[in-house]
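Enquirer: Here it is, the structure, as structure tokens.
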Amino acid sequence: MSALIKFRDVCKTYYMGDAVVRAADHITMKIEKGEFVAIVGQSGSGKSTCMNIIGCLDVPTSGTYLLNGQDVGAMDKDELAAIRNKMLGFIFQQYNLLPKLTLLENVEVPLMYAGVPKSERHERAKLALELVGLGDKVRNKPNQLSGGQQQRASIARALVGEPAVILADEPTGALDSHTSREVLNMLQMLHEAGNTVVLITHDNSIAVQAQRIIRLEDGRVVYDGDAHAPEAVVRPTLAGNGGGQ
């Protein structure tokens with residue numbers, strides 16, 4: 001059976017004036033259904049580029065990215081939007097909730113794009129909010145909630161479409177340590193329930209919450225293996241990369 005996420009020799013090249021920046025440099029990796037994987041690296045390592053490609057927000061310059069066996073690089077913008085909505089649930093650092101909508105309405109947004117009927121949207125959004133402990137906040141607006149509650153609402157929104165992959169981009173970046181632990185516990189629970197979770201982070205203490213770490217440096221994979229193996233720990237020489245990929 002084919003891997004859920006498969007990169008084969010993926011490159012992503014940007015041109016900045018006369019300079020050529022290779023944000024992803026011949027990356028080959030695969031993530032199986034049901035895995036909890038952290039893609040980790042400093043700023044400029046290529047992790048955000050990988051996230052954008054996995055999330056069908058961008059396509060490789062060369063090489064192949066297969067999502068559930070489908071070649072994403074061959075898709076046009078409409079096809080990318082459709083597969084994004086069907087296959088992926090996003091959790092962002094800044095929550096990305098719509099301020100004028102209630103929590104219930106925010107969580108319904110992916111279902112609305114998917115053409116799900118109104119009554120079913122309501123029911124599924126309510127269930128998703130109950131799952132993350134916000135069943136009593138369905139009528140609240142985002143600004144009436146704490147940061148942790150807003151992030152839980154964004155997790156409910158990611159879950160409601162029953163995606164093949166939950167993609168969490170620095171999901172604890174705007175939270176204090178206590179609330180960060182709550183959010184990471186929730187990702188662990190989602191994984192234990194059978195979800196495929198891909199966590200993007202620069203923070204090693206966050207990355208070790210996953211089963212497996214893929215570590216990037218200068219657009220290349222420098223480690224791919226058990227998150228708790230001694231060699232998974234970042235070497236001091238890797239710290240302090242500049243840049244912004």
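Enquirer: Which three numbers, in whole Å and largest first, are the semi-axes of the equivalent ellipsoid of the range 120-245 derived from its Cα gyration tensor as √(5λ)?
Expert: Semi-axis lengths for the range 120-245 are 31, 16, 13 Å.
Enquirer: Turning to a different aspect of this structure: State the extension gain, in nm to one decimal, for the chain segment bounded by Lys30 and Asn143, taking 0.36 nm per residue of separation less the distance between their alpha-carbons.
Expert: Contour length minus the Cα-Cα distance gives 36.8 nm.
Enquirer: In addition: Could you pull out every one of the lysines with an alpha carbon less than 20 Å from that of Lys12, ignoring same-chain neighbours closer than 8 positions?
Expert: Straight-line reach from Lys12, under 20 Å: Lys30, Lys47, Lys77.
Enquirer: Relative contact order of the chain, please, whole-number percent, based on alpha carbon pairs below 8 angstrom and at least 6 residues apart.
Expert: 29 percent
Enquirer: What do you get for the angle between helix 147-160 and the principal long axis of the chain? Use alpha-carbon atoms, 0 to 90 degrees, nearest ten.
Expert: Roughly 90 degrees between the two axes.
Enquirer: If we count every other residue with Cβ under 11 angstrom of Ser2's Cβ, Lys/Arg +1 and Asp/Glu -1, where does the sum land?
Expert: Result for the neighbourhood of Ser2: +2.
Enquirer: If amide H atoms are built 1.01 Å from N in the plane of the peptide, which residues on other chains or at least 5 residues away come under 5 Å of the amide H of Tyr223?
Expert: HN-HN under 5 Å from Tyr223: Arg215.
Enquirer: From a point 7 Å beyond the Cα of Thr13 in the direction of its Cβ, which residues of the range 59-75 have a backbone N at a distance under 14 Å?
Expert: So the set is 60-63.
Enquirer: Provide the per-residue ³J(HN,Hα) series for the range 83-88, in order, calculated from phi with Karplus coefficients 6.51, -1.76, 1.60 and θ = phi - 60°, each as a whole number of Hz, with x at glycine and proline positions.
Expert: So the Karplus estimates, Gly and Pro as x, are 6, 4, 5, 7, 9, 10 Hz.
Enquirer: From the backbone phi of the range 224-231, what are the Karplus-calculated ³J(HN,Hα) couplings (6.51 cos²θ - 1.76 cosθ + 1.60, θ = phi - 60°) in whole Hz, Gly and Pro given as x?
Expert: Here the 3J(HN,Hα) series is 8, x, 4, 5, 10, 6, x, 6 Hz.
Enquirer: Measure off 7 Å from each Cα along the Cα-to-Cβ vector at Asn68 and Gln211, then give the distance between these two points in nanometres to one decimal.
Expert: 1.9 nm
Enquirer: List every residue whose amide H lies under 5 Å from the amide H of Asn68, counting only residues 5 or more places away in sequence or on a different chain, with H placed 1.01 Å from N in the peptide plane.
Expert: Under 5 Å from the amide H of Asn68 lie the amide H atoms of Ile5, Lys6, each far enough along the sequence or on another chain.
Enquirer: Ok, one more. Can you run phi through the Karplus equation (6.51, -1.76, 1.60; θ = phi - 60°) for the range 209-214 and list ³J(HN,Hα) in whole Hz, with x for Gly and Pro?
Expert: Couplings: 6, 7, 7, 9, 10, 10 Hz.
Enquirer: Whose amide H sits under 5 Å from the amide H of Ile200, counting only residues 5 or more places off or on another chain, with H placed in the peptide plane?
Expert: Those lying under 5 Å, H to H, from Ile200 are Ile39, Ala168, Asp169, Glu170.
Enquirer: Among [x] 14.8; [y] 14.0; [z] 17.5, find the value of mean projected area of the Cα convex hull in nm² that was calculated from the structure presented, and write down its label.
Expert: Answer by label: [y].
Enquirer: Connecting C-alpha atoms closer than 10 Å in a GNM of the chain, tell me which of Thr201, Thr28, Thr49 has the biggest fluctuation.
Expert: Highest fluctuation of the listed residues: Thr28.
Enquirer: If I take R0 = 22 Å and measure r between the Cβ atoms of Lys100 and Glu182 in this structure, what FRET efficiency does the formula 1/(1 + (r/R0)^6) give, to the nearest 0.05?
Expert: With a Förster radius of 22 Å, E is 0.25.
Enquirer: If you don't mind, another one. For the chain, find the longest principal axis of its Cα atoms and tell me its angle to the long axis of helix 177-192, 0 to 90°, nearest 10.
Expert: Taking the Cα atoms of the chain, the angle to 177-192 is about 90 degrees.
Every read-out reported here was derived from the displayed coordinates using simple, explicitly stated rules and does not represent laboratory data. Since we're looking at a predicted model, the values are computed, not measured. All Cβ positions, glycine included, derive from the backbone under ideal geometry; neighbour counts span all protein chains shown.
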